Each structure stands twice: as structure tokens, then as C-alpha cells.
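The values are calculated or read from the model by the stated rules, or taken from the named source; none is laboratory data. Owing to the predicted nature of the structure, the values given are computational and were not obtained by experimental measurement. Note that we place each Cβ from the backbone using ideal geometry, even for glycine, and neighbour counts take in every protein chain shown. The protein model used for the area step is the full one, side chains on, heavy atoms only, and it has no ligands, DNA or RNA in it. Shrake-Rupley method; radii C 1.70, N 1.55, O 1.52, S 1.80 Å.
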Amino acid sequence: MQFIAIVLLSVGAAVLYGILHDQVTIRICPEYFTVFHPHVADVQSLTVLAIIWGVIATWWVGLPLGIVLGLCARTGRWPRLSARELIKPTAVLLVLMGVAAALGGVTGWILAVSGTLRAWPWLADNLAESRHAGFFADLLAHNVSYFGGAIGGLVLSGWVLMRRRRLARRGPDPDDGTAHTA
């Protein structure tokens, strides 16, 4: 049951991150979603559209990462970690992803404004030049989030294995407030 809880934690965290991330980026460049993504719903609200895309674009990232994390936390003879024990490290990962996405977005904006990033023909044909910097800000913020989530999820899984190994070597700490199950 804890394995499923870990997978659900991962999917839920990814979806929550995606919804919050898209609430910001849709306001920087709505066309990133309305012109350059497939049409998914007849909605006028940017908030609702960001929620829809936040779910669509992230659940599938959280699922395989949750499976890997669950396997790392629950299989083998070392003390097992529960979903509850992974909430804080998962939250730290999401905050780091958010910071990285913000830096990526600012970088995209600066590179577009400076002329270093120039619009591709399909972009120039479908988006006013005044919106290009916002588009590149969104593009880089989203790509940094995907890359950061994938790499961060693998790093978190490695951290889980190292934590379990340390627990196996020294035994559970009765003062750490966690219950490691066998």
C-alpha cells in the first residue's frame, strides 16, 4: 500500500506543481497555450486553461518518477521509507524546480529581448513580435521544469537509496520521529 501511496504522492506533487507553474506562465504569454499547444477545451478562462494543461502536462511525468521512487523506497531488505517520509524531500524538489524554472524564464526573456533568441518562422508568423519575449520565457521555464523534474526525481530516488542504506547500517533512530517498516 505504501508503494501506491508513494506513486500517488509523486503524481499529485507533479500535477500540483504543473497547475501552479501554468498559472504563472499562462499570464506571461497566453499564446504559449492558446496558439502553440493543441486545443483541449472550449474555455475562456486562463485560470481554467492553466489548470487543464497543468494536469495534462505533468501527471505522466509524475507517474514513472513515482514508480522509480516507490521501488527505491520500498524494495529490498533495507528499512523501507513511507510516503509520509518523502513529503518533505518532494516539497524541496518542487521548490528547487520552481526556482530553476523562474531563472529559466528570466533567461528566456533576456535572451529574446537582447536578440540572442530570435523567432523561428512559424513563431513569427503566428505571434506578434511584442509577445516573443514572453513566449521564450515560457518555453524555457517549461523546459527547465521538465528537465529539472526528471533529473531531480532521479536524484531524489538516489537520496532515498542512500538514506535506506544509512538506516540499515546504523539501525533506525528512535528519536527521528519516523517509523521505518520492514
### Task
Please go through the stretch 108-158 and pick out each residue that is surrounded by 15 or more Cβ atoms within 10 Å (Cβ to Cβ), under 18 Å from the mean Cα position of the chain (by Cα) and either of a type in the set (A, V, I, L, M, F, W, C) or farther than 26 Å from L20 by Cβ (or both).
A137, L139, L140, A141, V144, L156
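Here is a check on your reading of the model: is I6 hydrophobic (A, V, I, L, M, F, W, C), out of contact with any Phe, Trp or Tyr (no Cβ under 8 Å at 6 or more places or on another chain) and open to solvent by 40 Å² or more (accessible area, probe 1.4 Å)?
Details: hydrophobic (A, V, I, L, M, F, W, C): yes; out of contact with any Phe, Trp or Tyr (no Cβ under 8 Å at 6 or more places or on another chain): yes; open to solvent by 40 Å² or more (accessible area, probe 1.4 Å): no.
When the stated conditions are applied, I6 does not pass them.
For every residue, the table says whether it meets (1) polar (S, T, N, Q); (2) surrounded by fewer than 21 Cβ atoms within 10 Å (Cβ to Cβ); (3) in contact (Cβ under 8 Å) with a residue 24 or more places away in the chain.
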residue	(1), (2), (3)
G12	no, yes, yes
L20	no, yes, yes
T25	yes, no, yes
P30	no, yes, no
P38	no, yes, no
### Message
I'm told V43 meets every condition in (1) without any contact (Cβ under 8 Å) to a residue 24 or more places away in the chain; (2) of a type outside the set (D, E, K, R); (3) buried (at least 18 other Cβ atoms within 10 Å of the Cβ) except one. Can you identify the failing condition by its number?
### Response
(3)
### Task
Would you confirm whether any residue within the stretch 78-97 is farther than 17 Å from L9 by Cα and without any contact (Cβ under 8 Å) to a residue 40 or more places away in the chain?
no
### Message
Is it the case, given these coordinates, that T116 is assigned to a loop (DSSP other than H, G, I, E, B), more than 24 Å from L9 (Cβ to Cβ) and either of a type in the set (V, I, T) or modelled with pLDDT of 95 or more (or both)?
### Response
yes
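Based on this model, can you work out whether V99 counts as under 15 Å from N143 (Cα atoms) and surrounded by fewer than 20 Cβ atoms within 10 Å (Cβ to Cβ)?
Numbers: under 15 Å from N143 (Cα atoms): yes; surrounded by fewer than 20 Cβ atoms within 10 Å (Cβ to Cβ): yes.
Judged against the criteria, V99 is a match.
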### Query
So is T90 of a type in the set (S, T, Y) and open to solvent by 30 Å² or more (accessible area, probe 1.4 Å) or not?
no
### Query
Is it fair to say A57 is more than 17 Å from A150 (Cβ to Cβ), of a type in the set (G, A, S) and crowded, with 19+ Cβ neighbours inside 10 Å?
no
